[in-house]
Amino acid sequence: MGDKKVALVRNVLAANEKIAAQNSKRFADAGVTAINVMSSPGAGKTTLIAETIRSLKNELKIAVIEGDIQSTYDAEKIAETGAPVVQINTGGACHLDASMIQQALEQLELNGVDLLIIENVGNLVCPADFNLGEHCKVMLLSVTEGDDKPQKYPMMFHTSCALLINKTDLLPYIDCDVEKIRTETLSINPSMDIFEVSARTKAGLGGWYDWLKRLVKEKRCAG
């Protein structure tokens, strides 16, 4: 039974990789840089993305694919920024896969888009395993989640090329050791770029914006 399950997982991932390669080619042909933003629920992905769009609208044309189990709440929030957005409702699935992105791209005009931000479903396990064809994965971690996440979910940190430690404005009120997060993250992924930010107060976002602009220009992570 165990061998059959392993074989099934391998087949699913192999099929996903094939479609991810097609997505990647589509991004390359359109000159689009794509990032896959992952986090647990409530870490602040949508707020960060909306603020990023508003701050960079005069420098980059940004489009968004919004993933959620159900509802269009986050997509509506992104639409308020004026950015093109396509909603994916997974109907219970805990992550986006390459096929979902391929279908969403049929509803999105990529011509002229510099950066495509894919907001994955809130989950610290499954999204790490599924390639969407993106240039890189970006992880968001709220300080309200505590400082033990690198130990508990190492694959997320291993597969991402940037980590945003969000809601730093709340640090005076909670027990979270940011330096511990940094140290343990870098022990898992020494090339990880780490930013301490608050999407609400906008603190620390300048470094994130510079990183994004460099990524769009070079089409690869600095690490």
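The values are calculated or read from the model by the stated rules, or taken from the named source; none is laboratory data. None of these values were measured; they are calculated from a predicted model. FYI the Cβ positions are ideal-geometry reconstructions off the backbone, even for glycines, and counts take in every protein chain you see. When the accessible area is computed, the model is the full protein with side chains, heavy atoms only, and any ligands, DNA or RNA have been set aside. Shrake-Rupley method; radii C 1.70, N 1.55, O 1.52, S 1.80 Å.
Worth pointing out:
- Placing +1 on the Cβ of every Lys and Arg and -1 on the Cβ of every Asp and Glu, with nothing else charged, gives the stretch 9-91 a dipole about its Cα centre of roughly 280 debye.
- Per-residue extension of 0.36 nm, minus the Cα-Cα distance of Gln103 and Asn89, leaves a gain of 3.9 nm for this segment.
- Each residue of the stretch 202-208 was assigned a 3J(HN,Hα) from its phi angle through the Karplus curve 6.51 cos²θ - 1.76 cosθ + 1.60 (θ = phi - 60°); the sequence is 6, 5, x, 6, x, x, 5 Hz, with glycine and proline shown as x.
- For the chain, the normalised intensity computed at q = 0.11 Å⁻¹ comes to -0.52 (log10 of I(q)/I(0), Debye sum over alpha carbons, equal scatterers, no solvent).
- Spatially close lysines, pair count over the stretch 1-125: Cα under 22 Å, gap of eight or more or interchain: 8
- Distance from the Cα centroid of the stretch 22-37 to that of the stretch 155-223 is 22 Å (rounded to whole angstrom).
- Among the GluC sites (Glu not before Pro) in the stretch 171-223, none is located in a DSSP loop while being surrounded by at most 10 other Cβ atoms within 10 Å of its own Cβ.
- Table column - 3J(HN,Hα) (Hz), the stretch 128-138, Karplus curve with 6.51, -1.76, 1.60, x for Gly and Pro: 5, 8, 10, 6, 9, x, 6, 6, 7, 9, 10
- Cα-based reach from Lys152 at 14 Å (exclusive), listing aspartates and glutamates while leaving out same-chain residues under 8 positions away: Glu184
- A Förster radius of 30 Å, combined with the Cβ-Cβ distance separating Lys219 from Ile174, puts the computed FRET efficiency at roughly 0.20.
- Long-range tail of P(r) for the stretch 12-115 (Cα pairs > 16 Å, %): 59
- Probe 1.4 Å, protein heavy atoms only - accessible area per residue of the stretch 98-151 in square angstrom: 32
- Estimated D of the stretch 99-166 in µm² per second, where Rh is the Kirkwood radius over Cα pairs and Stokes-Einstein applies at 25 °C, 0.890 mPa s: 180
- Check: the chain dipole with +1 on Lys, Arg Cβ and -1 on Asp, Glu Cβ, in debye: 460
- Ordering of 162-169, 142-149, 17-24 by packing is 162-169, 142-149, 17-24, highest average first (other Cβ atoms within 10 Å, averaged per residue).
- The residue among Ala98, Leu132, Leu116 whose Cα reaches farthest toward the positive pole of the charge dipole of the stretch 76-223, with charges on the beta-carbon of Lys, Arg, Asp and Glu, is Leu116.
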